[in-house]
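Here is the structure we will look at, set down as structure tokens.
The values are calculated or read from the model by the stated rules, or taken from the named source; none is laboratory data. None of these values were measured; they are calculated from a predicted model. Every residue, glycine as well, gets a Cβ built from its backbone with ideal geometry; the counts of neighbours run over all protein chains shown.
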Amino acid sequence: MAERTDAAAAPGDVAGAQGAPAGSGRWLRPRYVLPLLLLLVVATVLLTPVASERRGDPRLTTHSAESQGAAAFYELAGRLGWRTSRRAVPFTARAVAGPRVAGAAAGPLDSTAVYAVLDPPVDLSSAEAGALLAAVRRGAGLIVVLRRGSTLADSLRLRPSVGGAPQAEVAGADSPESCPPGSSRRGAIDWPGGRVYSYWLEPRAGLPHRAVRFALVEAAPRAARRRAAAVEQPDSAASADAAGDAEASDDLQEDDAQAERDEAAAAGAAGPAEYAAIIGFPLGDGHVVAFADPDWLRNDVLRVCEWNAGVQAARALEYLAAGRGPGPALVFDEYHQGFGRHPSTVRAIGRALFGDPRGRVLAQALVAALVLLAALGARAVAPRPTARMARRSPLEHVGALARAYSQIGATRLATRRLVHGIRRRHGAWGTAAGGTPRAGGGSGAESDEEFLAALAARRPALAEDAALLADSLRTAGSPRRLLEAGRAVERIERVLSGEGTRGAGRAEALEPAPIR
């Protein structure tokens, strides 16, 4: 009995095991999994570190104390003994705008000052670049952050490289280990390896004589990088023809040779794997310090000790201060950063209208015309709305005419309209009725009575109907008589319409219908 009882209970146990979820499988249900995934996503968003990035005004202007500004460099120069100032007019202000421009120089640029042109978003004109470099040749100094294709880059025959490279590692007092323990070691931008990534300067005709290098970057020669990239890429020369391969090879060899010459000139005495990012060189009686990358002078880079940008900026200022005496002037170009009075269409129109007698006359005439237009356009009273009448449909016209004829008893006019309809449809030669004669030799000037008389003479079967219509045309009758005239017109229409196809004999045999 015990065995039978166990056997009977076994199926129930199996069913219960299938109906209830397993201990670990119940947690895989969507109501447990989805909230868990949501919590995981929220935790990932909250706990993931946000990469530092630069924000704010991207211009390298001394008015900006944000991460990308140059206010720190302006204050650094002031603390080093420079008489700093900002220039908000063009370098050719007197020649272009005259003495009215505030801050314009009374003559050529001061040859004892040092001018700073820091990667301006508005490029200098050719005249401005010529005036600035002429002052440098007379003894002025120049700090310039070059941009590829800019006017000063073309004039100095220097240009920044296309790609960047890490800052060269140095030892001694300039190494990161010499920074104080409590100094800042992080800026608003994170470069790989904790070193500044910068462009380097590529001279187009070799570096000037007695050039000084302040900051170096590590970079492999461009030709070597190109050959390494060609090795890594799949070989596609087998699919090209021989002439194309030879031409491409010649172009690459020529580019490599020019690249090696440029980079050899950029490296100079620094070695084949280091290139100058900041250089100083004499130009006439003055000196120039050129930066390949604006990051060297930005606030967030100058404040980081281990990047050594502040030391390089101080050395560049020391290089330009040589032989200038105490407290030399350092003038920052802020006009090409967007400050000062720039050409404006609105301002030019206002000056033409209000700064000249002829313009004031024109302005007064325009004001008078506007006053006259306002006086003529104003209405003392509101205008009356225009009455709009709806057009009737043709069927409405028929009903309206019927009511009008009925009100005045116009039986003669109604009969005449009916007779005109017969004449219009069957009164010409060549109609379905074979033509009806016209009085006066077919001149078309016969009256309705003459037409009805001719119809009765030609169609004797219609003589009674024609006589009824002729009498209705002469004398007004009752509505009953108008109905009889309508039936007569219907019989005439039926005869004239069917006679052309069925013969004239049947039309003559027709008898007028009795009047009801």
Could you please let me know if V398 is of a type in the set (V, I, T), more than 24 Å from G486 (Cβ to Cβ) and in a helix (DSSP H, G or I)?
no
Can you tell me how many residues in segment 399-422 are hydrophobic (A, V, I, L, M, F, W, C) and surrounded by fewer than 11 Cβ atoms within 10 Å (Cβ to Cβ)?
1
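Return the residues of segment 65-81 that are in contact (Cβ under 8 Å) with a residue 24 or more places away in the chain and either under 16 Å from V304 (Cβ atoms) or surrounded by fewer than 21 Cβ atoms within 10 Å (Cβ to Cβ) (or both); say none if nothing qualifies.
Of everything in segment 65-81, those that are in contact (Cβ under 8 Å) with a residue 24 or more places away in the chain and either under 16 Å from V304 (Cβ atoms) or surrounded by fewer than 21 Cβ atoms within 10 Å (Cβ to Cβ) (or both) turn out to be A65, E66, S67, Q68, G69, A70, A71, A72, F73, L76, L80, G81.
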Being in contact with a Pro (Cβ under 9 Å, 6 or more places away or on another chain) and not in a helix (DSSP H, G or I) is the filter; apply it to segment 149-168 and report the residue that is surrounded by the fewest Cβ atoms within 10 Å (Cβ to Cβ).
R157
Identify the residue in segment 209-227 that is out of contact with any helix residue (DSSP H, G or I) (no Cβ under 9 Å at 6 or more places or on another chain) and assigned to a loop (DSSP other than H, G, I, E, B) and, among all such residues, is modelled with the highest pLDDT.
R210
Has segment 363-373 got at least one residue that is hydrophobic (A, V, I, L, M, F, W, C), over 30 Å from T92 (Cα atoms) and part of a loop (DSSP other than H, G, I, E, B)?
no
